[in-house]
1. Which of Phe97, Ala129, Ala115 sits farthest toward the positive end of the charge dipole of region 88-148, with +1 on the Cβ of Lys and Arg and -1 on the Cβ of Asp and Glu?
2. At q = 0.10, 0.16 Å⁻¹, what log₁₀ I(q)/I(0) does the chain have when each alpha carbon counts as one equal point scatterer in the Debye sum?
3. To the nearest 20 debye, what charge dipole does the chain have about its Cα centre, counting +1 at the Cβ of each Lys and Arg and -1 at the Cβ of each Asp and Glu?
4. Can you give the local net charge around Gly43? Use residues other than it whose beta-carbon is closer than 15 angstrom to its beta-carbon, Lys and Arg +1, Asp and Glu -1.
5. Compute the separation of the alpha-carbon centres of region 97-130 and region 132-170 and state it in Å as a whole number.
6. Relative contact order of the chain, please, whole-number percent, based on alpha carbon pairs below 8 angstrom and at least 6 residues apart.
7. What pairs in Lys72/Lys145; Lys3/Lys86; Lys39/Lys83; Lys39/Lys145; Lys3/Lys72; Lys11/Lys83 have C-alpha atoms more than 21 Å from each other?
8. Relative contact order of region 30-123, please, whole-number percent, based on alpha carbon pairs below 8 angstrom and at least 6 residues apart.
Amino acid sequence: MKKSLEKQLVKKAESLEGIAGAAVIDAATIVTADWVRQKCRYGCDGYGSCLTCPPYAPAPAETAVLLKSYTKALLLHAHNYKKIRKATRAMELEAFFAGLPAAFGISAGPCDLCAECALAEGCRHADMARPSLEACGVDVFSTVKNNGFPIQVLTSTSQTPDYYSIVLLE
């Protein structure tokens, strides 16, 4: 991928509402681990209630195979959950129309497109719904630290959260 396209994608991402930072990173710096998915299973009340979350989302091993198909990814940083999900969808389309047909977004947290997921019928918004990094077994802390972005465990509700997503680029 040309550096000019990388710069164009970063500039566009950083212009989106709520995005605190963006960078094109090497896909090899994205870390997957089995323990991440267990945190979803035994720590999130949304487990099994959304088609973009476990057990429906790709398992860590499947994600690791997927990542090998990509050389670059756009890492997005925000402090607002809904804004990063919207930005991830927008940047996936931006990359696609810029000539990267395999662009694929993996966002933060559970899907926010429907009030209740249509588990039995199938996704009503498959064109926009994307799994979360955690649901796919991505170790967000290690991935973010590998790429020089800020992240910390929050110890109080007065702290500002850091949300991350990626758009795989190829």
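1. Phe97
2. Values, matching the q order: -0.34, -0.92.
3. Details: 18 positive and 17 negative charges, 79 e Å.
It works out to roughly 380 debye.
4. Numbers: positive: Arg37, Lys39, Arg41; negative: Asp34, Asp45, Glu134, Asp139.
With Lys, Arg at +1 and Asp, Glu at -1, the net is -1.
5. When both Cα centres are located, 19 Å separates them.
6. Numbers: 315 pairs, mean separation 56.7, N = 170.
Answer for the chain is 33 percent.
7. Values: Lys72/Lys145 17 Å; Lys3/Lys86 25 Å; Lys39/Lys83 24 Å; Lys39/Lys145 19 Å; Lys3/Lys72 11 Å; Lys11/Lys83 17 Å.
From Lys72/Lys145; Lys3/Lys86; Lys39/Lys83; Lys39/Lys145; Lys3/Lys72; Lys11/Lys83, over 21 Å: Lys3/Lys86; Lys39/Lys83.
8. Working: 66 pairs, mean separation 28.5, N = 94.
The value is 30 percent.
The values are calculated or read from the model by the stated rules, or taken from the named source; none is laboratory data. Computed from a predicted model, the values in this text were never measured in an experiment. A quick note on method: Cβ atoms are made from the backbone with ideal geometry, for glycine too, and the neighbour counts reach across all protein chains shown. Heavy atoms of the whole protein, side chains included, go into the accessibility calculation; ligands, DNA and RNA do not. Shrake-Rupley method; radii C 1.70, N 1.55, O 1.52, S 1.80 Å.
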